[in-house]
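Accompanying notes for the structure given below.
The values are calculated or read from the model by the stated rules, or taken from the named source; none is laboratory data. What you are looking at is a predicted structure, and each value in this text was computed from that prediction instead of being measured. Here the Cβ positions follow ideal geometry from the backbone for every residue, glycine too, while neighbour counts run over all protein chains shown.
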Amino acid sequence: MDIELICLISMLAAFLLANLLLKLPVSISMMVAAVAGALVGGQGIPVRHLFEGAFAYLDTIMTISCAMIFMTFMQESGALEALKTAIVRRFHKVPVLMLFLLTATVMFPGMITGSSTAAVLSTGALVAPVLLLMGIPKEKAGAMISMAAIMGMAAPPVNIPAMLICAGVDIPYTGFAGILFLLTVPCALICTLVLGLKYCRNLSLEKMSDGLDTGIGREYGFRLYVPAIVLVILLVVSRLVPSFPQLGTCLIFLICAFIGIFTGRRFNVWKALLSSMDDTVPILGKLMGVGMFIQVMTLVGARGWIVTGCLGLGLWFVLVSSFVVLPAFGAVNSYGAASVIGIPLLLAIQRGMSVRSVTVAAILAFLCCLGDIMPPTALAGNHAARLVGLKYRKVFAHSLLPFAICLAGAAAVLFLL
Amino acid sequence: MKKIPVHIITASILSLLAICAVVYLAVVFGAARKAEPIYPGEGVTQVRMLSEWCPSLKGTAGDTEVYVLDSGTPGASMLVLGGTHPNEPAGYLSAVMLVEYCRPSCGILYVIPRSNNSGFTCTDPLEASPMTFGIETAGGVRTFRFGSRATNPVDQWPDSEVYIHASSGQILSGSETRNLNRAYPGREDGTLTEKVAFAITELIKNNYIDITVDLHEASPEYTTVNAIVAHEDALSLAFLTMWDVEESFRISADESPRNLHGLTHRELGDFTDTLALLMETANPSQGRLRGRTDANLVVSGQDKFYVRAASYDAVTVPYDERGISISERCARHVSCLAAMAEMSPFVGEGREINLGDMPAYEEIVANGIGYYLHDPV
């Protein structure tokens, strides 16, 4: 047995031991697993590698933190409540159209930023109360939001896993829009219907009006929505106008959160900040733990063992493993899946099949994005579960059917195009 | 009442451990900021700084040495870029070898061993790269830094999610914002990385550089490897070089894609009069199939997973248990550079550059690259 495999098994065993038996948090368990792997691999306690790995996702961590602050401020100012009321009053007669519009609303920030987290924590937070008000159970509402956010992350114009794969094989990120649109929009609509169609029947304003607070909207009016509108404008302008200063998603979220302090109900800013961080720290810890885990996997060769193992299975197994390993690696990180496994898989598939690089890269990137529902990291899923007030495992169970639909969609595109 | 002291003790122990780790790490990462010496050889007539071509670089981590090897005999000028990606050590070492060993007999040679100087001060997270590696020389082992593909985020941060290449509008993933080889032709008022690219472009324009060669390495599974990638104007030089070295080793010549922007072989060819080329050797220590990652892998290039991958045709270069050593990779670069110089009278304006008495490919492989480097002092 390869020493690299022994290291990998040790890491997994240490993780399970720490997380399930000792009941340590996922983040600490990941660190324990990393140390165990390094010890078995003869690397001692690799302080430098643990530190370097912990900082690998610093940019993502900052985006999540800033988005969470924005979302909390929107909630505290009453903007979410008012928007919920406005959407229901306007669209309750056409509930299916309302569902599609809500799905598109969740997708939009993902399309612009390439981040499912940004989508869930911005427009996902606006949409969640409406879905619940429609009578959709919390677990299904959470699944709808996380799937829509992931489809947004995968949709054009910005698909970061596709960009990472392109960078790895030196092909330009052009020609992706059509194929990504074909992959994401039908899948998003079908997933929405599968999860929500049942609840569109017999929908009446009277039934829903109990959950509506019309007062806040009447009191503050249009200005409640100013932070969300500024958010969308800044995101779009910073992408479409190269001469516009690149503020970055973090700063855009913070600017809009700041505006939110003055546009609605008054609230204690310090308490809101603390509350947003309380909710976020466990997820940030997971990302740091995951970074340590991957860094040590690479150090001891376990990463190479996995990648080489996948490539050595022949074309059909490579294809199958793409559909399994890429989303599964999302349990660690979807961007990591693209750069670590996506690139060698693309090269292997290109060698065995006569199919356009752009098509394969787009499909692989789409599969990587699906990893954002995979626990324990599950960036989209965990945040969506928090929005609806549930533990993620319940939301995850309802995400599996839409997940399978997306896999089938990707397979259909691969073999039909 | 019992819990409080327990918490204080636990917190104190953890805080103390954290402080110890921070102090230790400050020393470890601080050491990466100290550049290892490069010993100018007899051929070096001048050592300039890149900031001479972009004054705003002065005093920043992007400023770096430009070694000038002027033969004194009029001829062509050639610029060699090493360390564009500091995680591709054969490019860097080959440039160092030119500075320490080469004595041109005709024309002027410019060498920038650490083109992305900032990238030498850190390593890439998740890649678990060694921070240094050792090369055996006649006088002992010389240590060189293994860096990052990109500018140190301490010097340029944060990245936006999407990198928009300034002159073409091409969009790339945000992580490419700090990649020097996506920043050309650069901007004088841009990011640190863009300023470095701008300075190199200005150097080429102001010094009428005839030939520019950017030395790189790539994963053995990558499609463009053991290759010369040339701007369309430099394609004839690439083919002449390929034929010149074919008795010693195989190398391909590929035309630079016209729709992939920011790279030396595209932008320097488009924006200046130089013949722009880039060379790639196969480096297992940066590949995604590699096993245990350490300094030995960087130097020996031996990896059991690449041997396995080669057995089912998943790598694009010949690979066996012997690996692809750094000496072999440097030998490829140096031999191709010598061949390009030899072919210089047949391309462009017909001016000649002669690198003097350079070792053959077989000699470098047999003696090791350290044989041609200065002893450690």
>> Can you find a residue that is polar (S, T, N, Q), closer than 21 Å to B:V299 by Cβ and under 17 Å from the mean Cα position of the chain (by Cα) anywhere in the range B:333-350?
In response: yes
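Name the residues in the range A:193-208 that are assigned to a helix (DSSP H, G or I) and without any contact (Cβ under 8 Å) to a residue 12 or more places away in the chain, would you?
At the first step, the residues of the range A:193-208 found to be assigned to a helix (DSSP H, G or I) are A:193-200, A:205-208.
Within the range A:193-208, A:K198, A:E206 qualify.
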>> With the requirement that a residue be touching a residue at least 40 places away in the same chain (Cβ under 8 Å) and either in contact with a Pro (Cβ under 6 Å, 6 or more places away or on another chain) or within 15 Å of B:R292 (Cα to Cα) (or both), what does the range A:12-41 give you?
In response: A:V26, A:A34, A:G37, A:A38, A:V40, A:G41
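Can we say A:M31 is under 26 Å from the mean Cα position of the chain (by Cα) and at pLDDT below 90? Break it down stepwise before answering.
Working: under 26 Å from the mean Cα position of the chain (by Cα): yes; at pLDDT below 90: no.
Against the criterion (under 26 Å from the mean Cα position of the chain (by Cα) and at pLDDT below 90), A:M31 does not qualify.
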>> Quick check on A:A188: is it surrounded by fewer than 16 Cβ atoms within 10 Å (Cβ to Cβ) and under 23 Å from the mean Cα position of the chain (by Cα)?
In response: no
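So, in the range B:249-305, exactly how many residues are among the basic types (K, R) and away from chain A (no Cβ under 14 Å)? Give the derivation first.
Our first condition is that a residue be among the basic types (K, R); within the range B:249-305, this holds for B:250, B:258, B:266, B:288, B:290, B:292, B:304.
Imposing the further condition that a residue be away from chain A (no Cβ under 14 Å) reduces the set to B:250.
The number of residues fulfilling the criteria is 1.
Report yes if A:S322 is at pLDDT 85 or above, in contact with a Leu (Cβ under 6 Å, 6 or more places away or on another chain) and assigned to a helix (DSSP H, G or I), otherwise no.
Values: at pLDDT 85 or above: yes; in contact with a Leu (Cβ under 6 Å, 6 or more places away or on another chain): yes; assigned to a helix (DSSP H, G or I): yes.
For A:S322, the condition - at pLDDT 85 or above, in contact with a Leu (Cβ under 6 Å, 6 or more places away or on another chain) and assigned to a helix (DSSP H, G or I) - is met.
Looking at the range A:166-185 only, could you name the residues that are within 9 Å of another protein chain (Cβ to nearest Cβ) and either surrounded by fewer than 22 Cβ atoms within 10 Å (Cβ to Cβ) or not aromatic (F, W, Y) (or both)?
Narrowing the range A:166-185 to residues within 9 Å of another protein chain (Cβ to nearest Cβ): A:166-174.
Passing the criteria: A:C166, A:A167, A:G168, A:V169, A:D170, A:I171, A:P172, A:T174.
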> With respect to B:S148, is the statement that it is over 30 Å from B:R351 (Cβ atoms) and assigned by TED's automatic domain parsing to the domain that holds B:N296 true?
Replying inline: yes
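Within the range B:65-78, which residues are part of a strand (DSSP E or B), buried (at least 24 other Cβ atoms within 10 Å of the Cβ) and not aromatic (F, W, Y)? Walk me through how you get there before you give the answer.
Step one: filter the range B:65-78 for residues part of a strand (DSSP E or B), giving B:65-70, B:77-78.
Now drop any that are not buried (at least 24 other Cβ atoms within 10 Å of the Cβ), which leaves B:67, B:69, B:78.
The answer is B:L69, B:M78.
Kindly indicate which of A:C369, A:C406 is assigned to a helix (DSSP H, G or I), touching a Ser or Thr at 6+ places or on another chain (Cβ under 8 Å) and on the phi < 0 side of the Ramachandran plot.
A:C369
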>> What are the pairs with Cβ atoms under 8 angstrom where one residue, in the range A:218-245, is outside any helix (DSSP H, G or I) and the other, located anywhere, is surrounded by 13 or more Cβ atoms within 10 Å (Cβ to Cβ) and of a type in the set (V, I, T)? Sequence gap at least six, or different chains.
In response: A:P242/B:I164; A:F244/A:V237
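Inside the range A:13-27, can you point out the residues that are closer than 16 Å to A:Q295 by Cβ and at pLDDT 90 or above? It would help to see each step written out before you state the result.
Keep residues of the range A:13-27 that are closer than 16 Å to A:Q295 by Cβ, which gives A:14-15, A:27.
Correct list: A:A14 only.
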> Is there any pair with a first residue in the range B:29-51 that is touching a residue at least 40 places away in the same chain (Cβ under 8 Å) and in the same structural domain as B:V66 (by TED's automatic domain parsing) and a second that is loosely packed, with under 14 Cβ neighbours inside 10 Å and outside any strand (DSSP E or B) whose Cβ atoms are under 6 Å apart and which are 6 or more apart or on different chains, and what are they?
Replying inline: B:S51/B:K58
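Scan the helices (runs of 4 or more DSSP H) fully inside the range A:68-172 and keep the ones with 1 or more residues being touching a strand residue (DSSP E or B) at 6+ places or on another chain (Cβ under 6 Å).
Values: elements: A:79-91, A:95-113, A:116-119, A:125-133, A:138-154, A:160-169.
The qualifying helices (runs of 4 or more DSSP H) are A:160-169.
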> For residues in the range B:137-164 being crowded, with 22+ Cβ neighbours inside 10 Å and within 9 Å of chain A (Cβ to nearest Cβ), which is farthest from B:M343 (Cα to Cα)?
Replying inline: B:E161
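Can you tell me which residues in the range B:240-266 are part of a loop (DSSP other than H, G, I, E, B) and of a type outside the set (A, V, I, L, M, F, W, C)?
Step one: of the range B:240-266, the residues part of a loop (DSSP other than H, G, I, E, B) are B:246-251, B:256-263.
Within the range B:240-266, B:E246, B:E247, B:S248, B:R250, B:S256, B:P257, B:R258, B:N259, B:H261, B:G262 qualify.
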>> Let me spell it out: the conditions are (1) away from every other protein chain (no Cβ under 14 Å); (2) touching a strand residue (DSSP E or B) at 6+ places or on another chain (Cβ under 6 Å), and B:D320 meets all of them except one. Which number is the exception?
In response: (2)
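Evaluate the following for A:Y199: is it farther than 26 Å from A:N333 by Cβ, buried (at least 19 other Cβ atoms within 10 Å of the Cβ), more than 14 Å from chain B (Cβ to nearest Cβ) and of a type in the set (S, T, Y)? Steps first, answer last, please.
Numbers: farther than 26 Å from A:N333 by Cβ: yes; buried (at least 19 other Cβ atoms within 10 Å of the Cβ): no; more than 14 Å from chain B (Cβ to nearest Cβ): yes; of a type in the set (S, T, Y): yes.
No; evaluated as a whole, the condition is false for this residue.
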>> Go through the range A:7-27 and report how many residues are surrounded by 16 or more Cβ atoms within 10 Å (Cβ to Cβ) and part of a helix (DSSP H, G or I).
In response: 10
> Does A:V332 satisfy being buried (at least 22 other Cβ atoms within 10 Å of the Cβ), within 23 Å of the chain's Cα centre (by Cα) and more than 8 Å from chain B (Cβ to nearest Cβ)?
Replying inline: yes
> So, of the residues in the range A:261-294 that are among the β-branched types (V, I, T) and under 22 Å from A:Y392 (Cβ atoms), which turns out to be nearest to the other protein chains (Cβ to nearest Cβ)?
Replying inline: A:I294
> Within the group B:G134, B:G62, B:G107, B:G83, which residue is surrounded by fewer than 23 Cβ atoms within 10 Å (Cβ to Cβ), touching a residue at least 12 places away in the same chain (Cβ under 8 Å) and either away from every other protein chain (no Cβ under 14 Å) or aliphatic (A, V, I, L, M) (or both)?
Replying inline: B:G134
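Filter the range B:21-58 down to the residues that are within 14 Å of chain A (Cβ to nearest Cβ) and surrounded by 18 or more Cβ atoms within 10 Å (Cβ to Cβ), then identify the one that is nearest to B:I135 (Cα to Cα).
Taking the range B:21-58 as the starting set, the residues that turn out to be within 14 Å of chain A (Cβ to nearest Cβ) are B:21-32.
Okay, now just the ones that are also surrounded by 18 or more Cβ atoms within 10 Å (Cβ to Cβ), so B:29, B:32.
Working: B:F29: 21, B:A32: 17 Å.
Top of the filtered list is B:A32.
So which of A:P186, A:P157, A:P172, A:P137 ends up being of a type outside the set (V, I, T) and touching a Leu at 6+ places or on another chain (Cβ under 7 Å)?
On the way: A:P186 fails: touching a Leu at 6+ places or on another chain (Cβ under 7 Å); A:P157 fails: touching a Leu at 6+ places or on another chain (Cβ under 7 Å); A:P137 fails: touching a Leu at 6+ places or on another chain (Cβ under 7 Å).
The unique qualifying residue is A:P172.
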>> Any residue that is modelled with pLDDT under 90 and of a type in the set (F, W, Y) - is there at least one of those in the range A:92-107?
In response: no
> What residue, of A:S276, A:S321, is closer than 22 Å to A:V413 by Cα and crowded, with 18+ Cβ neighbours inside 10 Å?
Replying inline: A:S321
